[in-house]
Amino acid sequence: MEKVVVIMGSKHDQEKVEPAIEVLKEFSIETGVYCISAHRAPDGLAQFIKKLNEGGFTKVVIAAAGLSAALPGVIAAKTTIPVIGLPLGGSPLNGQEALYSMAEMPPGIPVATVGINGAKNAGLMAVRIVANEYPGIGLALERYNEAQAKKSLADNDKIHEYYSKLAGKEATVEQAAGKGSSKRKSSASNEQSQSYEPISGWNPEDMF
């Protein structure tokens, strides 16, 4: 039973969609992956959506497409299953047209759209939706978030330590330079004072 369906509009989209599939595998969620174009095979897509509706197992659909990207909107118009739109880049407009096609759906036909090439987030959004019905997946998601937070804080410690050490080295160099400058100033001052120090027993008036 496929809890999540991932559908792309072209076989050329496979590499960009793969991160979403990997996330779903990580959470051991049954996933079906398909490739059906909304433009090139509209009848085939309609039949596929009909089977989804009749099956009653699928909790969420991830629909990935580039260019005019009609795929998520067409699916959302024919089902009540939540649809996550994954706009893909690599086009002359770098995926902006796909993003607008998904994000600017007309009222009444919602598509939950992630960022351009945001396959990982699409996968994680699907996990969150499925987790509402499956507590075990919810617990796994909590552990995932905890691990993510731990890694982020560890990265913070490393960055802070690196720049603290760097600042310490710079301060040491500046202090060393300052001490050297003070020594030079002290030496010059001593030389100057020695140059004008009166000779014991000598009277300048004796010269005249």
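The values are calculated or read from the model by the stated rules, or taken from the named source; none is laboratory data. Keep in mind it's a predicted model, so treat the numbers as computed, not measured. Ideal geometry is used to build each Cβ from the backbone, glycine not excepted, and the neighbour counts take in all protein chains shown.
When Tyr100, Tyr34 are checked against the criterion of being aromatic (Phe, Trp, Tyr) and either more than 26 Å from Ala131 (Cα to Cα) or part of a loop (DSSP other than H, G, I, E, B) (or both), a single residue qualifies: Tyr100.
So in segment 77-105, with the set limited to residues that are crowded, with 24+ Cβ neighbours inside 10 Å and more than 20 Å from the chain's Cα centre (by Cα), which one is farthest from Ile36 (Cα to Cα)? Result: Met102. With respect to the stated conditions, Ser37 is polar (S, T, N, Q) and at pLDDT 95 or above. All conditions in (1) loosely packed, with under 13 Cβ neighbours inside 10 Å; (2) part of a helix (DSSP H, G or I) hold for Ser28, with the sole exception of (2).
Evaluating Ile137 against the criteria (1) free of Cβ contacts under 8 Å to residues at least 12 places away in the same chain; (2) touching a helix residue (DSSP H, G or I) at 6+ places or on another chain (Cβ under 9 Å) leaves one unmet condition, (1).
Residues in segment 140-153: is at least one in contact with a strand residue (DSSP E or B) (Cβ under 8 Å, 6 or more places away or on another chain), surrounded by 10 or more Cβ atoms within 10 Å (Cβ to Cβ), modelled with pLDDT of 95 or more and not in a loop (DSSP other than H, G, I, E, B)? Among the residues of segment 140-153, not one is in contact with a strand residue (DSSP E or B) (Cβ under 8 Å, 6 or more places away or on another chain), surrounded by 10 or more Cβ atoms within 10 Å (Cβ to Cβ), modelled with pLDDT of 95 or more and not in a loop (DSSP other than H, G, I, E, B), which makes the answer no.
Residue-level check: of (1) at pLDDT below 95; (2) surrounded by 15 or more Cβ atoms within 10 Å (Cβ to Cβ), Thr58 misses just (1). For segment 116-139, the count of residues that are among the hydroxyl-bearing types (Ser, Thr, Tyr), in a loop (DSSP other than H, G, I, E, B) and surrounded by 12 or more Cβ atoms within 10 Å (Cβ to Cβ) is at least one.
Per-residue answers, yes or no, for (1) touching a strand residue (DSSP E or B) at 6+ places or on another chain (Cβ under 8 Å); (2) not hydroxyl-bearing (Ser, Thr, Tyr):
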residue	(1), (2)
Thr80	no, no
Leu86	yes, yes
Glu97	no, yes
Ile116	yes, yes
